[in-house]
1. Residue separation times 0.36 nm, minus the C-alpha to C-alpha distance between Arg53 and Lys4: what's the value?
2. Using a basic spin-label model with each label point 7 Å from the Cα along Cα→Cβ, how many nm lie between Ala75 and Leu38?
3. Using Cα pairs under 8 angstrom and six or more residues apart, how large is the relative contact order of region 20-75, in percent?
4. Find which of Leu24, Asn45, Ile56 sits farthest along the positive direction of the dipole of the chain, computed with +1 on the beta-carbon of Lys and Arg, -1 on that of Asp and Glu, about the Cα centre.
5. Pop the C-beta distance of Arg66 and His28 into the FRET formula with R0 = 22 Å and round what comes out to the nearest 0.05.
6. Against the longest principal axis of the chain, how steep is helix 17-39, in degrees 0 to 90 to the nearest 10, with axes from Cα atoms?
7. Could you calculate, for region 20-75, the ratio of the Cα radius of gyration to the Kirkwood radius, expressed as Rg to Rh?
Amino acid sequence: MASKGNEKAEKLRDLSDEDLAKELEEAHRELFTSRLQLSTRQLANTSLARQHRRHIARIKTIQRQRELAAAAPAATEGNA
């Protein structure tokens, strides 16, 4: 059975690069809102900011994996 974090990552991996960029932008917006509400004592669930940070990290990790996967074939062609 896959863990909850892996399920979230798999859903993100199914997105296109453009959709992933939009998801990252939205996650940053949600993090900003959470931090603002937390600082003004309007946020009841104080763990939301942490959840948003982890979501952003997941997105950035997938983007980096794709970047490295795209660069890997180019590097192996140069050595052959």
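Computed from the coordinates by the stated procedures, all read-outs in this text should not be read as laboratory data. These figures come from a predicted structure and were not determined experimentally. Backbone-built Cβ (ideal geometry, glycine too); neighbour counts: all protein chains shown.
1. Values: separation 49, 0.36 × 49 = 17.64 nm, distance 1.59 nm.
Contour length minus Cα-Cα distance gives 16.0 nm.
2. Label-label distance for Ala75 and Leu38, simple model: 3.5 nm.
3. Values: 21 pairs, mean separation 24.0, N = 56.
Reported as a whole number, the value is 43 percent.
4. Asn45
5. Values: r = 19 Å, r/R0 = 0.86.
Taking R0 as 22 Å, the efficiency between Arg66 and His28 is 0.70.
6. Orientation of helix 17-39: about 30 degrees from the principal axis.
7. Values: Rg = 15.0 Å, Rh = 12.6 Å.
Ratio of gyration radius to Kirkwood radius: 1.20.
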